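The values are calculated or read from the model by the stated rules, or taken from the named source; none is laboratory data. Treat the numbers as computed from the prediction; the structure is a model and nothing was measured. For neighbour counting, all protein chains shown are included, and Cβ atoms are generated from backbone atoms with ideal geometry for every residue, glycine included. In case anyone asks, the SASA skips ligands and DNA or RNA and just uses the protein heavy atoms, side chains included. Shrake-Rupley method; radii C 1.70, N 1.55, O 1.52, S 1.80 Å.
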Amino acid sequence: MTLLQASTLVVGSPPAAADQPTLRQLAQARGIAFGSAVSQQQLAADTGYRDWAGAQLGLLVPETEFIWGHLQPSQLQGPNFDDTDQLVAFAESHGQQVRGHTLTWHTDLPSWLTRDVAAGVIGPEALKDLHRRHIESVVGRYRNRVSMWNVVNEPLAENGSLRTDAKTGFWALNASAPGDPQEYIRNAFHWAREADPDAKLYLNEYGAEWGSAKARGLYNLVKDLIAAGVPIDGIGFQTHAPVSSRLSGLEDTMRRFAALGLEVAITELDVRVPMLADSDELAQQAEVYGQAAKTCLSLAPACTSVTTWGFTDAHSWYPSSEFPSWGAATLLDASMNPKPAYHALSAVLSSWSRPTTSPVGWWRLDDWWNAGTAGGVATDASGRGQHATVTGPALGAPGRTPAASAFLGDGGSTQAKTTAAVLNTANSFTVSAWVSMSTRGQDKVVVSQDGATLSTVRLGYDAATDRWIFTVRDTNGTPVSVVSSAAPTLGTWTHLTGVWNKGWGRLLLYVDGKWQLQQATEIGALAAAGPAPDALRIGRSQTGDAWSGAITDVRAYDRAVPDAEVAQLADPVVGRWTFSGDPGDESWFMRDAWPREIDGCKQDPKVCNDNSVLHLTADRHGAGYSALALTGNHILDVRPTGLFADRSYTVSAWVKLGSKAADGVLMSQPLGDFNAFALKYQKSNDSWVFKGSSTSIGSPSAPIGQWTHLAAVWNAGWGRMQLYVNGVLTAQSGATTNVASTPGMTIGVSAEGGRLVGALDDLALYQRVLTPAEITALAQP
Ligand code: XIL
């Protein structure tokens, strides 16, 4: 019967216009697979559903059919493969791949299993034996037919360690030796490999899509597994995203796993919208779907597939107990009509390519995951594969925020070196980096390329003039340089950009985004390559001049980057939350803000990790859901911590006070039980207050119900704190000091209490003093 259904299907008309390529075809043409979770029940019951799945999908993931509790609800009767058999047969008749989901999961286990394990009837060895036999029977049955397996699903807790709590730690607690919680994972992969040596074996996880504690925990786990010889082929990133998400950081995270030699895939993509969804939200949802596809295309062939978690809003797992008031998460509406998301996905798969304006080499060098290890690889985030080999324990030095790391030049041998030249000096090019220099005295190299004796390109520091310097060589081999107008400040993060503008025949140097001296004489052209064509080096030149201090975010472009774009590269922001639908950090540092419902948490800890408790409201222009609403019931945790509170900083925010009944904190960092930094409404004197670790300053008054701009400035060099209200300096401290924070950063409350009731928007952190002019610009209504 299944086969009959399947054969009628092939001739059935797909819902898209006949001449339109299917998502399956479009993806395949780009070297990836497009798939979806499907349910056998729906395939059997619903023709429209079946036709669409048969035509549009290149990859099927049985939504529940392979899950142990579904396969084998009764221990006595053994597994029932009817649904899986039919589903796999359907896939085969349509030439579709199948991903088996999942062999090892703490959810939807058979009730007899959890009951007997809890009662001690099934002991650790017996459980391992059942686990092994389950994997052997399921994988063995579909050997050569199911081509990839989610061998282990969701093993990690939110803090990045393996789940070991009573509620979700079933496998680590009951099927691993004490002190070795990874044992059950190693076992599962080994048994799966034995049962089908050709199937791709994946570990599948949610919440590790960007630089979170969970992403780092996953990375460390996977490195452990690889080191232990575990046969793991890939990592699945589920990517259940709220409509507000930008998927910022997803590409970077996936790239790091790919750099371990693994496949990566987006395995359960859906984009949930708070119900009821309006057309703006559906347009935004389309952006997110498109972004997911761009991410996978950028990483192909390491990224193998994009799989959605269902394809019609008629059959979706939303609303779920975790996300009660969300839905409309898939590509088609409940009547199977394509939504904007479908068209966006189709457009990206058919014609998107990386913009030619993007860098040709990009080494972030903030790889704290390899902190302190000798050697290693600095991955090239440009997507062009120019990974740089690192010499010495140069990764993992303190970076531009307490959360980020950097490359550390030791003034000797540390460097990061590509295998081939990156800059083509015959044409215009640009090279840029953030640097913090630790000593003067000797010439220093940030980036160089070419040359046994003299680099063709060299960005660095010139000791003789005590200036930043950018040097190239003209066609005669003569060095030509531009230098900065002022001497560097030691131990301060500075942004450097060197530009060779061939059309104009000029060399340009920018410091902190500002153009320095124009090269006086025009240079006709540059040497196309140096005397000894060589790799691009970071932190050193071939002949040995080295960098002393930190470097991060090195970028290379095959064009002259214009002024405005240089200024963007040099943006000193180290945290930016615009709440344009989401709590994501739009700065480089990806510190997403996690909503936590303080009172709800006490009843159900799960609520604390749920984006659905994020409340949004209209911003000061009255625009949609683009500001943060705070009810006093919930706050946001910023992970990891935001600022070095002992160094100069500026915090800028828009606030609308909703209640004066109590203190209300906009943003804070703790110092034990007190604050290292807090910006708040203080009830006792009815004013805005900027509180440091030892001093507080306050404004004369604070209006209720009015959007107000606040800027708090700590000038460590001068030893003064300042508070600006609507761009006007309203309070200033005498000489004072501030010390570093203890870990943590919170929006909406501080260590000393005071939950804000009202709205917040456009929070930004800077690790330097902003000028009054810069603050005035931020305070523009
Ligand atoms: C959901 C399914 O859609 C439901 O049908 C199931 O009963 C519960 O979970 N991560 C996963 C999926 O790996 O299995 C989940 O699917 C969604 C979250």
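Table for the structure above
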| item | result |
| --- | --- |
| Among the residues listed as THR737, THR730, the single one being open to solvent by 40 Å² or more (accessible area, probe 1.4 Å), of a type in the set (S, T, N, Q), assigned by TED's automatic domain parsing to the domain that holds GLY624 and in a strand (DSSP E or B) | THR730 |
| Test result for GLN238, in the same structural domain as ASN337 (by TED's automatic domain parsing) and either within 16 Å of TYR342 (Cβ to Cβ) or more than 16 Å from the ligand (Cβ to nearest atom) (or both) | no |
| Options PRO301, PRO319; residue that is more than 16 Å from the ligand (Cβ to nearest atom), more than 16 Å from the chain's Cα centre (by Cα) and not in a helix (DSSP H, G or I) | PRO301 |
| Where a residue in the stretch 470-489 is assigned by TED's automatic domain parsing to the domain that holds TRP434 and its partner, wherever it lies, is acidic (Asp, Glu) and open to solvent by less than 30 Å² (accessible area, probe 1.4 Å), with Cβ under 6 Å and at least six apart | VAL480/ASP474 |
| Enumeration of residues in the stretch 133-179 that are within 16 Å of the ligand (Cβ to nearest atom), at pLDDT 95 or above and either open to solvent by 50 Å² or more (accessible area, probe 1.4 Å) or of a type outside the set (Val, Ile, Thr) (or both) | MET148, TRP149, ASN150, ASN153, GLU154, PRO155, LEU156, ARG163, PHE170, TRP171 |
| Pair list, Cβ < 8 Å and 6+ apart or interchain, from the stretch 768-781 residues that are without any contact (Cβ under 8 Å) to a residue 60 or more places away in the chain to residues that are open to solvent by 60 Å² or more (accessible area, probe 1.4 Å) | PRO772/LEU729 |
| Failed item, numbered, when ASN220 is tested on (1) closer than 17 Å to THR104 by Cα; (2) touching a residue at least 60 places away in the same chain (Cβ under 8 Å) | (1) |
| Output for the stretch 98-132, where each listed residue is within 16 Å of the ligand (Cβ to nearest atom), in a helix (DSSP H, G or I) and not small (Gly, Ala, Ser) | THR114 |
| Members of the stretch 214-243 that are within 24 Å of TYR625 (Cβ to Cβ), open to solvent by 10 Å² or more (accessible area, probe 1.4 Å) and either at pLDDT 90 or above or out of contact with any helix residue (DSSP H, G or I) (no Cβ under 7 Å at 6 or more places or on another chain) (or both) | HIS240 |
| Any hit, the stretch 318-325, residues being buried (at least 21 other Cβ atoms within 10 Å of the Cβ) and modelled with pLDDT under 95 | yes |
| Residue count for the stretch 253-298, restricted to those that are among the charged types (D, E, K, R), within 18 Å of the chain's Cα centre (by Cα) and within 16 Å of the ligand (Cβ to nearest atom) | 2 |
| Flag if THR307 is in the same structural domain as THR64 (by TED's automatic domain parsing), more than 16 Å from the ligand (Cβ to nearest atom) and either under 23 Å from GLN25 (Cβ atoms) or open to solvent by less than 50 Å² (accessible area, probe 1.4 Å) (or both) | no |
| Verdict on ALA199 being open to solvent by less than 10 Å² (accessible area, probe 1.4 Å), within 16 Å of the ligand (Cβ to nearest atom), assigned by TED's automatic domain parsing to the domain that holds THR102 and in contact with a Gly (Cβ under 9 Å, 6 or more places away or on another chain) | no |
